[in-house]
Amino acid sequence: MRLAISTGGGDAPGLNAVIRAAVLSAISRGWEVLGICRGYYGLLGEDEIIPLTRESVRGIAHLGGTILRTTNRGNPFEFPVQQPDGQYHLVDRSDEVLAAVRNLGIDALISIGGDGSLAIAQRFFEKGLRVVGVPKTIDNDVSGTITTFGFDTAVSTALEAIDKLHTTAESHDRVIVLEVMGRNAGFIALHSGVAGTADVILIPEIPYDLDRVCEKIMARDRMGRHFSIVVVAEGAYPRGGEESIIGASLPGQSRRVGGIAGRLAYDIEQRTGKESRSLVLGHLQRGGMPTGYDRLLAARFGGVAVEVVEQQKWGHMVALQSPHIVAIPMAEALATPRRVDPTHDIVRVARATGISFGD
Ligand code: F6P
């Protein structure tokens, strides 16, 4: 068996722990393992393909990032190719990938990625590639698994920021708006906001009303709580409005959501007269060492992914369905993106403890 591994989409803490567990599990079965560098670029002849040995995965489980590197611009079905006029056209290069797989004698591929990468893996599966998926994303927006690795680390980073921002907010009687990642899902904002006892949490699943947000801040002020912490998911948007988009995306890249915190802080200051500041936590949430929870989950995903390859369950992905890691069809997981359920107990408890969702 010659197994290949690739990492696609944004990096997430725990990728190296998956790679390590998968490589060692495969080697212990007597298999050979290849690493495809930078998503599918390696298979398109635009980057390397490297042997993955015991030596190459030594001492990497605790490291953030991915030793295979990654990209969110390398969808082989819609690959951006620059034309002589400088414009980019999206070209289908998927057959080149399949040809490279054949030429290299690759028997199976483990694709580690978020919803975008898993959707690409699913399309390759439909074209005959023997592929198994591993769900990765700090956003926690993949269905069928209780959680993805990377999410716990991102929540811990956001929580640390909330704890630290409390100091300045309280000392200066300020409103501080913290923007966290999550794209169109509010899990990072919700979990870190509730754990960090934020005063207002704004998530895409519950469109907000600025008046309600300001009412909450002023109600606290009247009670002698002259500061407020607002945690906003980058994809949150006002009722009847739209999400905030920053800058232009590169060809082949999905649109970049974000920039809402600055606008919100400005609007809150204008309406309440309270000094308001903002902070965008950004890629700090994707960096650093994975938490113990993420490291363990990643190792389990990597090891079980090799079992799934052994069982020849092509087109499946590993998923946490406590207490077990199971294999489910990728198509099933991709059918509906995972979003915060506004009736979930975390939202109910947040409301009961006085947190406003601005609705
Ligand atoms: O999907 C993970 C994620 O970090 C999102 O939370 C965020 O919107 C996006 O990726 C940012 O991507 P990039 O690194 O391309 O700016």
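The values are calculated or read from the model by the stated rules, or taken from the named source; none is laboratory data. It should be emphasised that the depicted structure is a prediction, and the values quoted were computed from it without experimental measurement. No Cβ is skipped: glycine too gets one built from the backbone with ideal geometry, and neighbour counts run over all protein chains shown. With ligands, DNA and RNA removed, areas are computed over all heavy atoms of the protein, side chains included. Shrake-Rupley method; radii C 1.70, N 1.55, O 1.52, S 1.80 Å.
A count restricted to the range 192-208 and to residues that are buried (at least 24 other Cβ atoms within 10 Å of the Cβ) and part of a helix (DSSP H, G or I) stands at 2. Note on the range 105-151: residues that are small (Gly, Ala, Ser), under 23 Å from Gln312 (Cβ atoms) and assigned to a loop (DSSP other than H, G, I, E, B) total 3. Screening Val81 against (1) in contact (Cβ under 8 Å) with a residue 24 or more places away in the chain; (2) open to solvent by 20 Å² or more (accessible area, probe 1.4 Å) leaves a single unmet condition, (1). Among the residues of the range 95-104, none qualifies, meaning not one is of a type in the set (Gly, Ala, Ser), in a helix (DSSP H, G or I) and closer than 24 Å to Arg255 by Cβ.
Among Leu250, Leu284, which is within 30 Å of Ile19 (Cβ to Cβ), in a loop (DSSP other than H, G, I, E, B) and within 16 Å of the ligand (Cβ to nearest atom)?
So the residue among Leu250, Leu284 that is within 30 Å of Ile19 (Cβ to Cβ), in a loop (DSSP other than H, G, I, E, B) and within 16 Å of the ligand (Cβ to nearest atom) is Leu250.
Scanning the range 43-92 for residues that are in contact with a strand residue (DSSP E or B) (Cβ under 6 Å, 6 or more places away or on another chain) and of a type in the set (Asp, Glu) yields a single hit, Glu78.
Quick check: anything in the range 257-265 part of a loop (DSSP other than H, G, I, E, B), within 16 Å of the ligand (Cβ to nearest atom) and surrounded by fewer than 18 Cβ atoms within 10 Å (Cβ to Cβ)?
yes
Among the residues making up the range 139-152, those that are within 12 Å of the ligand (Cβ to nearest atom) and surrounded by 24 or more Cβ atoms within 10 Å (Cβ to Cβ) are Asp139, Asn140, Val142, Thr148, Gly150, Phe151. In the range 164-177 there is at least one residue matching the filter, namely being over 30 Å from Val306 (Cα atoms), part of a loop (DSSP other than H, G, I, E, B) and of a type outside the set (Val, Ile, Thr).
Yes/no matrix, rows are residues, columns are (1) at pLDDT 95 or above; (2) closer than 17 Å to Gly59 by Cα; (3) in a helix (DSSP H, G or I); (4) not assigned by TED's automatic domain parsing to the domain that holds Val57:
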{"residue": "Lys274", "(1), (2), (3), (4)": "yes, no, no, yes"}
{"residue": "Ser278", "(1), (2), (3), (4)": "yes, no, no, yes"}
{"residue": "Leu296", "(1), (2), (3), (4)": "yes, yes, yes, no"}
{"residue": "Val306", "(1), (2), (3), (4)": "yes, no, yes, no"}
{"residue": "Val309", "(1), (2), (3), (4)": "yes, no, yes, no"}
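Hey, any hits in the range 232-240 for a residue that's modelled with pLDDT of 95 or more, closer than 21 Å to Asp139 by Cα, more than 16 Å from the ligand (Cβ to nearest atom) and among the aliphatic types (A, V, I, L, M)? No, every residue in the range 232-240 fails to be modelled with pLDDT of 95 or more, closer than 21 Å to Asp139 by Cα, more than 16 Å from the ligand (Cβ to nearest atom) and among the aliphatic types (A, V, I, L, M). All told, Asp211 meets the bar of being outside any loop (DSSP other than H, G, I, E, B) and open to solvent by 40 Å² or more (accessible area, probe 1.4 Å). Checked against (1) among the small types (Gly, Ala, Ser); (2) away from the ligand (no atom under 12 Å from the Cβ); (3) open to solvent by less than 40 Å² (accessible area, probe 1.4 Å), Ser278 passes all but condition (3). The lone criterion from (1) crowded, with 22+ Cβ neighbours inside 10 Å; (2) under 16 Å from the mean Cα position of the chain (by Cα) left unmet by Val304 is number (2). Summed over the range 270-322, the residues that are hydroxyl-bearing (Ser, Thr, Tyr) and out of contact with any helix residue (DSSP H, G or I) (no Cβ under 8 Å at 6 or more places or on another chain) give a count of 1.
Restricting attention to the range 181-189, does a residue exist that is more than 15 Å from the chain's Cα centre (by Cα), within 14 Å of the ligand (Cβ to nearest atom), at pLDDT 95 or above and not in a loop (DSSP other than H, G, I, E, B)? The answer is no, given that none of the residues of the range 181-189 is more than 15 Å from the chain's Cα centre (by Cα), within 14 Å of the ligand (Cβ to nearest atom), at pLDDT 95 or above and not in a loop (DSSP other than H, G, I, E, B).
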